[in-house]
Amino acid sequence: MTQSVPRSERASTPRSVDVARLAGVSQKTVSRVFNDEPYVSADVRRRVMAAADELGYRLNSAARALASGRTRSVGVVTLGTALYGPASLLMGIERAVRDAGYALRVVNTLEGDPAGVTGAVESLLDQGVDGIVISEPIDEGAVAVQVDVPVIVLGASPSFVAPRAVTAGVGADLLARVATEHLLDLGHETVHHLAGPQRWFAARDRLDGWRAALAARGRREPAVVEGDWSAASGYAAGRQLAADPGVTAVFAANDDMAIGLIRALAEAGRGVPEEVSVVGFDDIPVAAFVTPPLTTVRQPFDAVAQEGLRLLVHAIEKPEQDLPPANDPPVELVVRASTAQPRSRTTPGRDR
């Protein structure tokens, strides 16, 4: 028969000793149950599991009670997608986790599933991870679970409760600002923006960076055209923008949309960069080989992942210490042949 534990005496994060007290057994017996050791009766096993369920005790609490104190594993919550940005960041995280001497546990979410992040976090906690990386690019709402291990967030993320939650920015707003400033520095009066879907945190950051660059120069902010990250959506946007003779410069929120945009401009007789300059975002491998080669800003996936893991491992291994200051990600503008001065600047006597 289990013993009642007054609510006021329960720890905010239940421990194996709390389960033992509630189940009326020793702490060693609780360890035997969760390690699935023999010589534990069915009745005792049932009482321990019932007590753990009542207290909300997770298997990772038992794992962390082992001699090492940790499982040396890190969990990652990420969107299940083949898109270049999220996939490249996940590869960078995997390398950084293994370089730090930890095992990797990955749980993918699906776009349009509001409970996906919550379920992913719960799954990782049940696997006993020592820390969690949130690399979730889509706003699906708050995470309805209390996290009892350190968490590092790469970019923006839903809110959640954790003993130590740290944000490591991917710098998308700064990169977008650099891309927009490049076009303004060439002499374009303003820059149009082909945005990504606004449910994505990254698309919002790039939109903010574009707006900040225009506002800092006192330039007019044109209406935003929104795509879905695909080259097809860039092509559709390009057909719309090509019809406006006032469009001389476009910043696209990713390279795929920029490539589709350039195709549509070319078909409409608006040469790139002779009539319209285009800057992309990401520096995908094919960007250097399209016609014309694409000017873009390179995302520092590996640097962001390494910096995030550095902070997370510090929080795991030195919980009593303050976190070291975060390092800003590098900014790299890759200038190729898709950008130039506007025609009126390159041929001064053209209209005389």
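Using the alpha-carbon atoms, what tilt in degrees (0 to 90, nearest 10) does helix 201-217 show relative to the longest principal axis of the chain?
40 degrees
For the chain, set up a Gaussian network in which alpha carbons nearer than 10 Å are linked by springs, and say which option among Leu323, Leu183, Leu175 fluctuates the most.
Ranking Leu323, Leu183, Leu175 by mean-square fluctuation puts Leu323 first.
If you take the Cα Rg of segment 159-288 and divide it by 2.2 N^0.38 Å, with N the number of residues, what do you get? Working shown, then result.
On the way: Rg = 15.2 Å, N = 130, 2.2 N^0.38 = 14.0 Å.
The value comes to 1.09.
Roughly how many Å² is the accessible area per residue of the chain, as a whole number, for a 1.4 Å probe?
Numbers: 16290 Å² over 352 residues.
Ligands and nucleic acids excluded, the result is 46 Å² per residue.
Given only helices, namely DSSP H runs of n ≥ 4 each adding -39500 (n - 2.57), what is the per-residue ellipticity at 222 nm of the chain, to the nearest 500 deg cm²/dmol?
Mean residue ellipticity, 222 nm, calculated: -12000 deg cm²/dmol.
Specify the residue with the greatest mean-square fluctuation among Tyr84, Tyr39, Tyr235, computed from a Gaussian network of the chain linking alpha-carbon atoms under 10 Å apart.
Tyr39
Nearest 10 degrees is fine. How inclined is helix 301-317 to the longest principal axis of the chain, computing both from alpha carbons?
Orientation of helix 301-317: about 20 degrees from the principal axis.
For the chain, find the longest principal axis of its Cα atoms and tell me its angle to the long axis of helix 42-55, 0 to 90°, nearest 10.
50 degrees
Please compute the contact order of the chain in relative form: average sequence separation of alpha-carbon pairs under 8 Å and at least six residues apart, divided by the residue count, as a percent. Mind dumping the intermediate values first?
Details: 686 pairs, mean separation 46.3, N = 352.
About 13 percent, as a whole number.
The values are calculated or read from the model by the stated rules, or taken from the named source; none is laboratory data. Since we're looking at a predicted model, the values are computed, not measured. What goes into the accessible areas is simple: the full protein's heavy atoms, side chains included, and nothing from ligands, DNA or RNA. Shrake-Rupley method; radii C 1.70, N 1.55, O 1.52, S 1.80 Å.
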